[in-house]
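A short worksheet on the structure shown next.
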Amino acid sequence: HNVDGSVGPQTILKGEYLNKAKIAEGGKKLRKNWTSTWVVLCSNQLLFYKESKQEVVANLKPGGKPDGVDLCGAVIEWTTEKSSRKNVIQITTSNGHEFLLQADHFPTISKWHDAIKKAADSLSSG
Ligand code: I3P
C-alpha cells in the first residue's frame, strides 16, 4: 500500500468510512472514543486513515501514515455487548489490541465483517 491511501496490488477491499473505536491496547482497557476513519483492507492488515485519498488530494493535505492492524491471528466477531450502537464488529488482535468497527448501514458493516474474517482466517490457516 502507499501511505497516501492509494490502492496497491494487495488491497482486498478499498476504502470506506466506518466508525472506529479502539477499546484495548495490549490487553489493557482504553477509554472508548468513536471516530470516523477511512478503512482499507489489505491481504494481511487493516489500515486506518484519517482521510480518504480523494480528500487528501483535494485538500492538498499530507495523508499521514495510517495505523495498521496485523490480521494474522486476529479474531473477528459481531458484538452486542461492547457498545450500545447497532451493527458493531470487534477485532481482537493476537497482541491483545481490541477495536470496534460500526456502520449504521448493516450491509456495509456486514461486507467488511465477512472480508476481514476471510482475510484473517486465510492468514491463520497458513
Ligand atoms: C462514552 C461514549 C461512548 C459510549 C461509551 C461511553 O462516554 O458515550 O459513545 O460507547 O459507553 O462510556 P464518554 O464519551 O464519556 O467516554 P457506545 O456509543 O459504543 O455505547 P461504554 O462505556 O458502555 O462503552
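Nothing in this text is a laboratory measurement; each read-out follows from the coordinates by a stated rule. Predicted model only: the values in this text are computed from it and were never measured. Cβ sites come from the backbone with ideal geometry, for glycine too, and all protein chains shown count toward neighbours.
Label reach from Lys29 (point 7 Å along Cα→C-beta): in region 66-102, amide nitrogens under 13 Å belong to 82-83. Of all lysines in the structure, those lying under 28 Å Cα to Cα from Lys29, and not within fewer than 8 positions of it along the same chain, are Lys20, Lys50, Lys65, Lys82, Lys86, Lys111, Lys117, Lys118. Taking each residue as 0.36 nm, the span from Val75 to Ser124 lengthens on full extension beyond its C-alpha to C-alpha distance by 16.7 nm.
Stretching Thr108 away from Lys82 to a fully extended chain increases their span by 7.4 nm, per 0.36 nm per residue minus the current alpha-carbon distance.
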